[in-house]
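Working notes, structure below.
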Amino acid sequence: MKSLKNIQSTFIPLMEENIDTDQIIPARFLKSTSREGFGKNLFRDWRYSHNDEAQPKADFILNKPEYKGSILVAGKNFGCGSSREHAAWSLLDYGFHVVVSSFFADIFKNNALNNGVLPVQVSDKFLQKIFALENGSTLSVDLEKQTITIDATGEQEKFDINNYKKTCLLNGYDDIDYLLSIKQDIINFEKTLA
Amino acid sequence: MGKTLFEKIWEKHLVKSIPDGPDVIYIDKHFIHEVTSPQAFSGIEKRGQQIFRPLKTVATADHNVPTINQHLPIVEEMSRLQVQKLLDNCKKHRIELYGLGHPFQGIVHVIGPELGITQPGMTIVCGDSHTSTHGAFGSIAFGIGTSEVEMVFASQCILQNKPKVMRINVEGELNKGVVSKDIILYIISKISASGATGYFVEYAGSAIRALSMEARMTICNMSIEMGARGGMIAPDETTFQYTKNRLFAPKEDAWDEKVEEWKKLYSDEDAVFDKEINIKAEEIEPMITYGTNPGLGITINANVPTVESISDEGERKNLIKALEYMGLTAGQSLKGMPVQNVFIGSCTNSRIEDLRLVASVIKGRKKNENVNVLIVPGSQQVAAQLSAEGLDVIFTEAGFKIRQAGCSACLGMNEDKVPAGEYCISTSNRNFEGRQGAGSRTLLASPLTAAAAAITGVVTDVRELLN
């Protein structure tokens with residue numbers, strides 16, 4: 001996993017609530033056996049009419065060339081539904097490193113963190129402030145300080161992340177490295193279960 | 001202070017707690033399938049690691065498999081490769097696989113319980129959010145991502161933040177025509193699709209205790225649809241009777257010992273829950289969803305909410321968008337509305353009891369000529385039982401198509417899809433946009449309500465057919 005520190009970027013606002021992982025990446029695109037290449041099908045059925053790449057839906061935000069950035073900002077309960085990690089892979093593959101929402105579904109949050117995509121949970125009020133910004137405005141996310149800032153106004157909020165996961169992200173460590181390092185503890189624990 | 005059922009099992013499986021971090025939880029049983037495992041296998045190989053405890057993982061092929069001609073090579077290339085990859089990986093890493101053609105093959109959350117692999121007190125994970133199904137046995141069971149599948153391969157453990165605990169009590173007796181699917185759709189409609197996010201839910205109360213194991217599985221299955229990490233029900237005599245003599249259940253002395261242990265699995269009287277919700281069983285009527293998340297449900301005789309009746313602006317916007325997708329009008333009644341498809345299957349409602357419920361409604365009747373009815377048993381064993389009981393004759397005579405086991409039109413990864421713009425009354429668990437195929441419009445309901453629509457061709461209150 002690549003390390004993640006500070007990100008300053010324009011953002012793409014997706015003002016929908018309850019965006020489920022079937023929307024992020026529909027089930028019919030889960031047949032690859034690698035982790036790469038899912039970005040082209042991100043929000044597939046919202047992006048294209050009749051499942052045809054030649055027919056992009058002009059009013060969908062990802063199809064508007066003036067909207068760019070590595071931060072996706074979405075309504076509450078982002079990532080609900082299926083546990084498919086392909087949702088996190090498709091966001092990352094498309095170029096998103098941060099997702100901002102006022103509420104995340106649990107499994108998605110874990111999947112994102114395990115792939116170096118940072119879920120930043122903000123208050124509903126702060127989320128609405130971001131949505132109200134003009135296109136081209138930038139946000140700054142500082143993982144070390146756990147802050148997100150609207151650069152134009154300096155308005156800032158702190159976000160939660162446990163210290164363990166923060167250290168993992170800052171250094172590019174993953175949970176499997178950690179679990180392998182405590183294998184003897186696990187073997188000892190197994191003896192207590194028998 | 002007493003402990004909740006959840007805490008008792010969590011603490012027993014706690015290897016260690018990371019300060020200001022997650023807990024390390026030992027996993028007793030790990031189920032895998034073809035769609036969310038290949039990247040975990042390649043991940044472990046890339047690290048030069050072996051599977052730490054291969055005997056604790058069981059595999060099946062269910063998500064993308066065709067439901068006809070399963071004895072022939074899979075026609076769709078990507079699906080064929082994915083299933084082949086599972087076969088190769090299981091062989092290479094010495095993992096038990098109940099693949100296509102095996103008499104135990106089926107939907108992962110159907111076969112675990114029916115084979116007696118799922119048992120009370122266990123920790124169970126699978127790369128599928130409906131793993132919560134297994135919680136019906138009084139186990140901690142939840143869905144995980146592929147990185148977490150890799151964690152279990154590498155260490156038989158995963159890192160997990162301890163969730164809060166909620167108890168939902170359903171007291172009283174269910175009305176006629178109301179089954180467990182209606183209970184869970186009712187609960188989700190009350191607390192919303194995100195109402196239990198951050199929680200593990202224990203279902204309790206006399207109405208839950210009175211349910212069979214298969215009915216309990218339906219309830220725990222849909223816990224994720226209100227955002228819960230998982231759902232569970234304390235094991236009791238019903239659980240023990242269901243589990244006893246199943247293939248992988250403990251036998252003889254070991255069985256007696258286990259039952260004594262399992263009898264201690266309940267929430268202590270003075271245990272404290274972070275949240276508690278009380279529901280009267282009598283309030284629940286047959287349910288149906290009208291929107292694009294499982295929280296948007298109403299009783300069968302109610303009208304779709306009007307836009308004005310919703311005060312929250314975000315929710316109002318959600319309703320408008322959902323109704324637009326569904327081709328419905330705010331304030332309208334669903335009853336009498338034509339449907340083109342009925343799907344009976346999925347890890348929520350594809351077990352033999354579900355199919356018996358369907359048969360009880362349709363026996364001696366024929367399906368409406370405008371409806372396409374697909375019935376997909378949850379496993380090869382369910383399919384065999386279906387024939388043994390002669391239900392196949394009832395379904396065939398009614399004009400239903402009986403298919404072979406798999407996830408099928410619940411998520412449309414195989415050929416079983418609902419055409420764009422058409423309605424489907426489905427016994428599955430999700431009504432998301434495009435879930436059953438691009439442009440499909442799903443109305444979630446119980447097997448009884450689905451059966452009623454199959455006969456009449458329109459959304460129907462099943463109680464009118466039962467009288």
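Counting pairs on different chains as well as pairs 8 or more places apart, how many Lys pairs in the stretch B:166-317 have Cα atoms under 16 Å apart?
7
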Discussion item. Over 10 Å intervals from 0, what percent of Cα-Cα pairs in the stretch B:360-467 sits in each interval?
Written reply: 15, 45, 35, 5
Discussion item. Using the Karplus curve 6.51 cos²θ - 1.76 cosθ + 1.60 with θ = phi - 60°, what ³J(HN,Hα) values do you get for each residue of the stretch B:236-247, in whole Hz, with x for Gly and Pro?
Written reply: 8, 4, 4, 5, 5, 5, 5, 7, 4, 6, 6, 3
Worksheet entry | Nearby aspartates and glutamates by direct alpha-carbon distance to A:K166 (threshold 13 angstrom, same-chain neighbours under 8 apart not counted) | A:D142, A:E144, A:D174, A:D175, B:D20
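First obtain the Kirkwood hydrodynamic radius of chain B from its Cα pairs, then insert it into the Stokes-Einstein equation at 20 °C and 1.002 mPa s, and state the resulting D in µm² per second as a whole number.
D, rounded to a whole number, is 95 µm²/s.
What part of the accessible area of the stretch B:119-210, given as a whole %, is carbon or sulfur when the probe is 1.4 angstrom? Walk me through the numbers on the way to the answer.
On the way: 800 of 1770 Å².
C and S fraction of accessible area: 45 percent.
Over the protein assembly as shown, with the other protein chains present, what is the accessible area per residue in square angstrom, probe 1.4 angstrom?
Values: 24150 Å² over 661 residues.
With all protein chains present, the protein assembly as shown gives 37 Å² per residue.
Filter A:K165/B:K16; B:K321/B:K417; A:K40/A:K76; B:K56/B:K162 down to the pairs with a C-alpha to C-alpha distance above 18 Å, please.
Working: A:K165/B:K16 16 Å; B:K321/B:K417 23 Å; A:K40/A:K76 24 Å; B:K56/B:K162 23 Å.
With Cα atoms farther than 18 Å apart: B:K321/B:K417; A:K40/A:K76; B:K56/B:K162.
Among DSSP bridges having both ends in the stretch A:36-141, what percentage is antiparallel? Round to the nearest 5.
On the way: 1 of 9 bridges.
Of those bridges, close to 10 percent are antiparallel.
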Discussion item. At a cut-off of 20 Å², which residues of the stretch B:403-443 become less accessible once all protein chains are present than in their chain alone, using a 1.4 Å probe?
Written reply: B:L411, B:M413, B:R430, B:F432, B:E433, B:R435, B:A438
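Report the local net charge at A:M15: Lys and Arg +1, Asp and Glu -1, summed over other residues whose C-beta lies under 12 Å from its C-beta. If you can, show how the numbers build up before the last one.
Details: positive: A:K76, B:K317, B:K321; negative: A:E16, A:E17, B:E313.
It works out to a net charge of 0.
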Worksheet item: Residues of the stretch B:1-31 losing 40 Å² or more of accessible area relative to the isolated chain, 1.4 Å probe, heavy atoms only?
Response: B:K12, B:V15, B:K16, B:I18, B:D20, B:Y26
Worksheet item: If you average over every viewing direction, what projected area does the convex hull of the Cα atoms of the stretch B:261-400 give, in nm²?
Response: 13.5 nm²
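Taking a probe of 1.4 Å and counting only protein heavy atoms, give the total accessible area buried between chains A and B in Å², rounded to the nearest 100.
Details: alone 10500 and 18580 Å², together 24150 Å².
Buried area (both sides, nearest 100 Å²): 4900 Å².
Considering only protein heavy atoms and a 1.4 Å probe, what is the carbon-and-sulfur percentage of the accessible area of chain A? Can you show the working numbers first?
On the way: 3840 of 7960 Å².
The value for chain A is 48 percent carbon and sulfur by accessible area.
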Worksheet entry | Table column - 3J(HN,Hα) (Hz), the stretch B:262-270, Karplus curve with 6.51, -1.76, 1.60, x for Gly and Pro | 5, 5, 8, 8, 7, 7, 4, 4, 9
Item to complete: Please give the residues from the stretch B:59-83 for which the solvent-accessible area of heavy atoms, probe 1.4 Å, is smaller by at least 40 Å² with all protein chains in place than with the chain isolated.
Response: B:M78, B:Q82
Discussion item. Can you tell me the convex hull volume per residue for the stretch B:22-135, based on C-alpha atoms, in Å³ to the nearest whole number?
Written reply: 119 Å³
Worksheet item: Where both partners of a DSSP beta bridge lie in the protein assembly as shown, what percent of those bridges are antiparallel, to the nearest 5?
Response: 30 percent
Worksheet item: Per residue Cα convex hull volume for the protein assembly as shown, in cubic angstrom?
Response: 149 Å³
Item to complete: Quick one: which residues, 5+ away or cross-chain, put their amide H under 5 Å from the amide H of B:V458? H built at 1.01 Å from N.
Response: B:V339
Worksheet entry | Cα-based reach from A:K57 at 19 Å (exclusive), listing aspartates and glutamates while leaving out same-chain residues under 8 positions away | A:E16, A:D22, A:D45, A:E66, B:E324, B:E433
Worksheet item: Hey, how many Å between the Cα centroid of the stretch B:220-244 and the Cα centroid of the stretch A:94-123?
Response: 29 Å
Item to complete: Enumerate the calculated ³J(HN,Hα) couplings along the stretch B:79-90 in order (Karplus 6.51 cos²θ - 1.76 cosθ + 1.60, θ = phi - 60°), each rounded to whole Hz, writing x wherever the residue is Gly or Pro.
Response: 5, 4, 5, 5, 5, 5, 4, 4, 4, 4, 5, 5
Worksheet, complete the sentence: the stretch B:120-249, convex hull of Cα, quarter of hull surface, nm² -> 8.4 nm²
Worksheet item: How many percent of the accessible area of the stretch B:357-410 is carbon or sulfur, using a 1.4 Å probe?
Response: 48 percent
Practice prompt. Quick one: net charge around B:L174, please, counting Lys, Arg +1 and Asp, Glu -1 for every other residue with C-beta under 9 Å from its C-beta.
Written response: -2
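The values are calculated or read from the model by the stated rules, or taken from the named source; none is laboratory data. The structure displayed is predicted, hence computed values, not measured ones. Note: ideal-geometry Cβ built from the backbone for every residue, glycine included; neighbour counts use all protein chains shown. Calculation scope for accessible area: heavy atoms of the full protein, side chains included, ligands and nucleic acids excluded. Shrake-Rupley method; radii C 1.70, N 1.55, O 1.52, S 1.80 Å.
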